[in-house]
Structure formats: structure tokens, C-alpha cells
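Read-outs: derived from the displayed coordinates by stated rules, not from any lab. Computed from a predicted structure; not experimentally measured. Cβ placement follows ideal geometry from the backbone for every residue including glycine, while neighbour counts extend to all protein chains displayed.
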Amino acid sequence: MSFSKLALAALLLPTAGLAASVSIQLDNGVFKVVGWQPTAEPESRWSSIFSVYAGGGKTWADVPPVFGSYAVENNTLTFHPRFKLSSSVIYRAVFRPPGMEAVEATFVQAGPNVALLEPTRVAAVYPSTNVLPDNQLKLYVYFSAPMQSGGVWPKLHLIDEKGKPVTLPFVELEQELWDRQQIRLTLLFDPGRIKRGVKPNVDMGPVLTEGRRYTLVIDAG
């Protein structure tokens, strides 16, 4: 028993020193964990120990991670964002290795003043007709530039002609339905509220009622 305790202590001692030597660097748009030797990818994937966030400012808790891919290059764990980093946006990288304290770093990508760039807008919504069938199943929202996935549902609202929001009009999937370019978002009306006699339809009523007018509102955020 005494030997086991001593062996455990010997194994744990280098960890604290290793944590102090680990850093996160940004190199040509790629985030790298320097000073840590990656082994096998954990079952929960690399994203469980290394994440990058964008534009959170003072409140990072509700900011979803940046979308991208991981790789081990020259014995270094790297993260490649799917889209080019935006200038003047704050990026926060967090590395949470097992048995070590978290390592954090913040970066600001140099470049032109973002105020000079055209803001992203809603380019189109399909179907584009002013009249929809009451059993309409999908809407397609197109944006003028790639969007960051995650947390879209609180920003989407369907408002009736009296200004009242429709309760849960869309199926709020955790895996949002974006196309590969992150430009088109597919919204699914709850099919259970379309078919008559089904419990969601009985309990909550249909999403769209014949003869009424509706407005799709997408928050600026």
C-alpha cells in the first residue's frame, strides 16, 4: 500500500510543471497547443479538451464554439476554423487537458476595420410566395455570408397578425440544419401540429391557421 501511494505521487508531480509550460498560439489562422504531447484522441473527441470561441466579450458562457476541424500536426494539437477569422473580433481559446489546470488565451485577428465591411443580412426566405398551405413543412432562410451555428432558436420568431408570437412553431433540433456553406438554414414546422388528431395538434393547435397573416422575425444578433 505504501509503494502504491509513492508511485502515484511520483506520477502526479510532473503534471504541475507541465501545465506551466503549455501555451496556445495562433499561427496563420490555426490555433495550436504548444508544449503538450497529444496521444490518442479521447472518446469525447478533441473538442472536449480544446475549444475556440468568438466575439463573446464579457459574457462567454452562452457563446457556442467556433466550427472547425482538429488535427495532430508535428506532434502538436491544432484547430483549423472552418471559416477565415474575422478582423477585430476577439477569439478565446481554452485547453482543458485531463489532470491539469485549464490554459486560456485570447487573440484579436489583425486586418481592416470591420465597420467598413458589409454586414451580414437575410438574403431570401423560401417559399417566397405570400400565400402558404396550412400544411407547409419547411422554410429555407438564406444569409448573405456564412453564419456561426448554435443558439439560433431564441433568435427566430413567428408573429401572427395581432403581434402575438406563435408558441414553438419550429422543431428545435440540437443539430441545426445548415448547408455545407453555413449560408442556408432549414426551418421545420412541427409535423405533429400539422396532422389533425395528433396530440401536439390537439394540445397546441396548428402552427399556421387559415386566413391569418404571419411574419418571420430574425433578430439582428
Original post:
Taking 0.36 nm per intervening residue step and subtracting the Cα-Cα distance, what contour gain separates F107 from E41 on full extension?
Top reply: 21.2 nm
Original post:
Label-point separation (nm) for A145 and I218, each offset 7 Å from Cα along Cα-to-Cβ?
Top reply: 1.4
Original post:
How long is the gain from Q181 to Y70 if the chain were fully straight, where each residue apart is worth 0.36 nm and the alpha carbon distance is subtracted?
Top reply: 38.1 nm
**OP:** Quick one: grab Rg to one decimal and Dmax as a whole number for region 116-155, Cα atoms only, in Å.
**Re:** 13.2, 43
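Restricting to Cα atoms and excluding each atom paired with itself, what does the Kirkwood estimate give for region 122-218 in Å?
14.2
Sorted from fewest to most neighbouring beta carbons within 10 Å, what does the list L139, L187 look like? Spell out each step's value before the answer.
Values: L139 19, L187 22.
Neighbour counts put them in this order, fewest first: L139, L187.
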